[in-house]
């Protein structure tokens, strides 16, 4: 590792390509600036083979790393926690490897409690790694030597760690499981879902928003995207998601929201206030519509099937001493209930859950017969009478109202045949007390006055 090469020129990269061409395997890692820039990008590529350890600077002027990545696609790669690296490399360079061994995934399949690189190196290699610069600004140039010494270690020990983990996986009969999961990882990371304009700006907290609130939130979201790109700053530095929700709600109700705004420069603040003002004037026809439910709610039968499949998964995970999510996440189980053939499970996961080959040769799961009590169906007369009883309408029989509390006896029972007349106070003067006159007598007096 003392002979680490730092590649920042095209001639140096061409020499490196000749060495990688002969390598049977390549350990690969990357460093990005997700905490310091937007959009995030690859700032370093660390490579380690049997004969060379190199760090390539993709941000160097005049350096084209495309030939390097094209060559790496053909090589068996060793990575740790490859999910983020693969997504970033595909986003920037359309990088799609053919073969991968993920050491983090191997540790999870073996039931390791902590699967970070430092923990696995400590457990399997007896090497203590210091993750001091994990959150460093890798887009900084020139790069300090301490950063480079730290970065190459993430790739240097991967092959030795892979050999130890691979041996354990083979002993446990889970090496094929790991291979299938790595192939699915490559597929998931290199086939990202296309963003939907009607959904991409909908963040947590806006589920019960009105259309006006949604319209303001949408404009705020696109304003934050533009400011992040313009200032090369992460989106959470521009405005937190919870603030977007609060400001959109206040602005839609024409309430004060300026006290919620972070301290911005006059130019950024001006653009923000203009965005909110324009959003408040959006015509109702152009406001976002409410989204329709993508899937129908589960029927009682499907709900029983989901509970049963979850129970089977948890029991199998306990017997295998692994995290149940590795066998199937809740989203995977839901997908199995909706469509078994299109569910997002590998063959080993289906076999562990109890899927068996059907007549067509495909794996499918057979559920037991669930006894579900049918929903009682009432006739129209019964339903209308019950609704009328609840609303207090007459249906031929007077419903008896429920008595609240204890029955109270009247203080004085009026004599039969006589009605008790209501009385109202009549004040003759401020000093004298009000005299009580019968209500009917007062009405008669008023009629006499009108006749006169």
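How many nm is it between the label spots at residue 137 and residue 318, if each spot is 7 Å from the Cα in line with the beta carbon?
The two pseudo-label positions are separated by 5.2 nm.
Could you calculate, for the range 211-286, the ratio of the Cα radius of gyration to the Kirkwood radius, expressed as Rg to Rh? Show your work: numbers first, answer last.
Details: Rg = 11.8 Å, Rh = 12.5 Å.
That ratio is 0.94, to two decimals.
So how long is each side of the range 19-142 along the principal axes, counting just the alpha-carbon atoms, biggest first, in Å?
44, 35, 25
Residue 297 versus residue 196, label points 7 Å from Cα toward the beta carbon: distance in nm?
The modelled label-to-label distance comes out at 2.0 nm.
I'd like the distance separating the alpha-carbon centroids of the range 236-302 and the range 158-222, in whole Å.
25 Å
Would you mind getting me the FRET efficiency between residue 122 and residue 256? Use the beta-carbon distance for r and R0 = 45 Å, nearest 0.05.
On the way: r = 54 Å, r/R0 = 1.20.
FRET efficiency, residue 122 to residue 256: 0.25.
Under a point spin-label approximation (7 Å from Cα along Cα-to-Cβ), what is the residue 364-residue 22 distance to one decimal in nm?
According to this spin-label approximation, the distance is 5.6 nm.
Once fully extended, how much extra length lies between residue 83 and residue 229, figured as 0.36 nm per residue of separation less the alpha-carbon to alpha-carbon distance?
On the way: separation 146, 0.36 × 146 = 52.56 nm, distance 2.40 nm.
Using 0.36 nm per residue and subtracting the Cα-Cα distance, I get 50.2 nm.
What's the extension gain from residue 274 to residue 339 if we count 0.36 nm per residue and subtract their Cα-Cα distance? Mind showing how you got there, number by number?
Numbers: separation 65, 0.36 × 65 = 23.40 nm, distance 4.74 nm.
This chain segment gains 18.7 nm when fully extended.
As an exercise, use a Förster radius of 45 Å and the Cβ-Cβ distance of residue 307 and residue 10 to find the FRET efficiency, rounded to the nearest 0.05. Walk me through the numbers on the way to the answer.
Values: r = 60 Å, r/R0 = 1.33.
The computed FRET efficiency comes out at 0.15.
Readers should treat all values here as calculations from the given coordinates under stated rules, not as data from a laboratory. What you are looking at is a predicted structure, and each value in this text was computed from that prediction instead of being measured. When we count neighbours, we look across all protein chains shown, and the Cβ atoms used for this are built from the backbone with ideal geometry, even at glycine.
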